[in-house]
1. How many angstrom lie between the C-alpha centres of segment 167-243 and segment 252-299?
2. Given only helices, namely DSSP H runs of n ≥ 4 each adding -39500 (n - 2.57), what is the per-residue ellipticity at 222 nm of the chain, to the nearest 500 deg cm²/dmol?
3. Placing unit charges on C-beta atoms (Lys and Arg positive, Asp and Glu negative, everything else neutral), compute the dipole magnitude of the chain about its Cα centre in debye, rounded to 20.
4. Would you list the membrane-span-like helices of the chain, meaning whole DSSP H runs whose alpha-carbon atoms span at least 18 Å along their axis and whose mean Kyte-Doolittle value is at least -1.0?
5. What's the ranking of 138-146, 67-75, 274-282 by average number of surrounding C-beta atoms within 10 Å, highest first?
6. Say each of Y305 and C392 gets a label point 7 Å from the Cα, pointing the same way as Cα to Cβ; how far apart are those two points in nm?
7. Obtain the nm distance between the two label points defined at S333 and D371 by a simple spin-label model: each point lies 7 Å from its Cα along the Cα-to-C-beta direction.
8. How many nm separate the modelled label positions at R217 and I281, each set 7 Å beyond the Cα in the direction of the Cβ?
Amino acid sequence: MRGGGQYHTMPRVSSGSAPATAPLGAVAQQPASDPLPSALRRGRGPAALIVFVAVAAYLHVPLPADGDGAAYVLQAAGGSPFERSIHVGYLLPLWLWVHAGAALGIEAITAAHAAAIGVGLAVGALSVAVGRTLGRGGWLAPAILLASGWAWPGMLFAEVYAPLLAALLAAWWALARRRDGSAAVLLAWALLIHPGALGLVPAVLVLSGSEPRRALRVLLMALALGALLIAPLTPDWLHGGRGVLTLPAFELSPWQSLQRSWAALSRDAGLAAFPLLLGLILGGRRAWAGAALVALGAALSLDRYADNAAPLVVLGLLAPLAALAPRALWELSPRLRIPLAAATVAVLILSAGSAASRHDAYARGLQRDADALDCDHTPTDWGDRQRARLICAGR
């Protein structure tokens, strides 16, 4: 990690035509322009936004995906925002949003899912912004996410993992812009969304290129602010119905969690993850160290239950590294560069379509199960009971 008393930093491209100093093992300097043909570059941001909103509207079903999501919506609709306080950073904004929707006659589940789509849009925008602090291919980060089966449920159902990813990406962007106070606040917010975020804070600090003293200062500020905000909630945060000290036994070992992270790249994202892997290679030792810390942090503190969506956070924190991938295209002749770039775009589009199709089948299955639900029968499983309560409340 150290060389000549300085940290090696991942390549960053300035607003001008000359990039910042390249890291160890970097390839030749790229021109300021994008390797994609102008026809593919023009308007891709607004077009992607319109397509995502349209597809999300089609895939949306007004149903909870699991017991946790149903419990969050029920709590937002009729409970206190400070129950399950280990997720207060998510539940308090959700509570305010659902009550605002109720004042307009919007059902709680519809409001919660609209919020989930909004968070998904924020994740996409933040991943582009973070990617652009590294290279010219920032648009590749959300494209890789959409090609993953983990992203669609995370952005269409009420859950804590997409908001957690948004907070961590925002902190990374703030660190890259040397806005340390904002970064500390965002990291503290991530800890309020999910205490398992603590295992991912070192990865964000490394990936953002923070020097050791600066990283330690930001970490201490985030921990102090988080502790200050958690202090009034300590009894429930520690010993409540979902307190840190009363959580069920872990279902996954760290090794099994690492396997889930690998599967999210190799099997779930598949060929669409190639730009990410190429960016990882081009990013040098800091990229490798940051990626290792992401995987290890998630395995130790976040991804310990089989029914959670922690691989979404892992993939979302690695995806911005794909912004480095277009640099490799400039080592090729123009006759190869444009076809290869177009082929990459085609793979990403097809992979995203496949992931959306799989989610559609899953969502329609949830709809069939909800239609067949007998509201006079109380399920014995806690998760099924929460889902039944929310579904039957809407009938």
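Coordinate-derived values only; no laboratory data. From a predicted model like this one, the values you see are computed outputs, not experimental measurements. Cβ sites come from the backbone with ideal geometry, for glycine too, and all protein chains shown count toward neighbours.
1. Measuring centre to centre over Cα atoms gives 22 Å.
2. Details: 19 runs with 244 residues, N = 395.
Value at 222 nm, helices only, nearest 500: -19500 deg cm²/dmol.
3. Numbers: 30 positive and 21 negative charges, 368 e Å.
I would put it at about 1760 debye.
4. Numbers: long enough: 44-59 (22 Å, 1.79); 88-103 (22 Å, 1.27); 108-132 (36 Å, 1.55); 161-176 (22 Å, 1.68); 180-193 (20 Å, 1.82); 212-230 (27 Å, 1.52); 284-297 (20 Å, 0.69); 334-371 (55 Å, 0.17).
Those that pass (Cα extent of 18 Å or more, hydropathy at least -1.0) are 44-59, 88-103, 108-132, 161-176, 180-193, 212-230, 284-297, 334-371.
5. Working: 138-146: 26.7, 67-75: 23.6, 274-282: 21.6.
Answer by packing, highest mean first, reads 138-146, 67-75, 274-282.
6. Distance between the two pseudo-spin positions: 2.3 nm.
7. Computed distance between label sites S333 and D371 equals 5.8 nm.
8. 3.8 nm
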